[in-house]
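J.: What follows is a single structure, and I will ask about it in a moment.
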Amino acid sequence: QVQLVESGGGLVQAGGSLRLSCAASGSARSIDTMGWYSRAPGKQRELVATITSGGSTNYAPSVKGRFTISRDNAKNTVYLQMNSLKPEDTAVYYCKANRFNSLRYRWDDYWGQGTQVTVSS
C-alpha cells in the first residue's frame, strides 16, 4: 500500500503562485509515474501534469508554461509549482501515484485526499 499526503493549497490572487507537495509513504519504492489531477466544481477530474521516475513530464495544454512538475525520488515526493494562476485554476488538486504490484503482476493507482486551490480575480 502507498499513502499520499498533499500540502500547499490555499487562496491566492490571480497572477500569484503556489507550490503543492505530495509525499508518498508505505510501499513507495516501486512507484513509477506520479502526477497531479484537478477537479473543478461541477467538472470531472482531469490531468494537470505527470512525471515518471526517469523525469519525463507531461502537461495539460491549459497549464503548459505556467506549471512545473518536479520530483525528488529520494524523498518519494512530487511537487507542482503553479505560477501565473488564473481563477479557472480553482479546483481540488489530487496527487496520484502509479506502482507496480509484483504479487498480482499489475499496476495499481493510489490517490491522495486532495488539497484545495482557490484563485480569486
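J.: Give the stretch 19-52 a look and list any residue that's basic (Lys, Arg) and within 20 Å of residue 89 (Cβ to Cβ), or say none.
T.: Of all residues in the stretch 19-52, those basic (Lys, Arg) come to 19, 29, 39, 43, 45.
Within the stretch 19-52, 19, 39, 43, 45 qualify.
J.: From the list 40, 74, exactly one residue is in contact with a helix residue (DSSP H, G or I) (Cβ under 9 Å, 6 or more places away or on another chain) and aliphatic (A, V, I, L, M). Which is it?
T.: Numbers: 74 fails: in contact with a helix residue (DSSP H, G or I) (Cβ under 9 Å, 6 or more places away or on another chain).
Exactly one of 40, 74 is in contact with a helix residue (DSSP H, G or I) (Cβ under 9 Å, 6 or more places away or on another chain) and aliphatic (A, V, I, L, M), namely 40.
J.: How many residues does the stretch 103-121 contain that are polar (S, T, N, Q) and part of a strand (DSSP E or B)?
T.: Residues of the stretch 103-121 that are polar (S, T, N, Q), as a first pass: 113, 115-116, 118, 120-121.
Right, trim to part of a strand (DSSP E or B) and you get 115-116, 118, 120.
Of the residues in the stretch 103-121, 4 are polar (S, T, N, Q) and part of a strand (DSSP E or B).
J.: Would you pick out the residues in the stretch 7-17 that are at negative phi, open to solvent by less than 30 Å² (accessible area, probe 1.4 Å) and in a strand (DSSP E or B)? Spell out how you get there, then give the answer.
T.: Taking the stretch 7-17 as the starting set, the residues that turn out to be at negative phi are 7, 9, 11-14, 16-17.
Filter again for open to solvent by less than 30 Å² (accessible area, probe 1.4 Å), leaving 12, 16.
Correct list: 12 only.
J.: Restricting attention to the stretch 18-53, and to residues there that are in contact (Cβ under 8 Å) with a residue 60 or more places away in the chain and β-branched (Val, Ile, Thr), which single residue is most open to solvent (accessible area, probe 1.4 Å)?
T.: 33
J.: From the list 85, 80, pick out the single residue that is of a type in the set (A, V, I, L, M, F, W, C), closer than 16 Å to residue 5 by Cα and surrounded by 15 or more Cβ atoms within 10 Å (Cβ to Cβ).
T.: Numbers: 85 fails: closer than 16 Å to residue 5 by Cα.
It is 80.
J.: Quick one: in the stretch 89-115, of everything that is of a type in the set (Ser, Thr, Tyr) and open to solvent by 80 Å² or more (accessible area, probe 1.4 Å), which residue is modelled with the highest pLDDT? Give the derivation first.
T.: The initial filter retains those residues of the stretch 89-115 that are of a type in the set (Ser, Thr, Tyr), namely 90, 93-94, 102, 105, 110, 115.
Filter again for open to solvent by 80 Å² or more (accessible area, probe 1.4 Å), leaving 102, 105.
Numbers: 102: 88, 105: 91.
That would be 105.
The values are calculated or read from the model by the stated rules, or taken from the named source; none is laboratory data. These numbers were taken from a predicted model, which means no experiment stands behind them. When we count neighbours, we look across all protein chains shown, and the Cβ atoms used for this are built from the backbone with ideal geometry, even at glycine. Accessible surface is based on the protein model in full, side chains and every heavy atom, while ligands, DNA and RNA are left aside. Shrake-Rupley method; radii C 1.70, N 1.55, O 1.52, S 1.80 Å.
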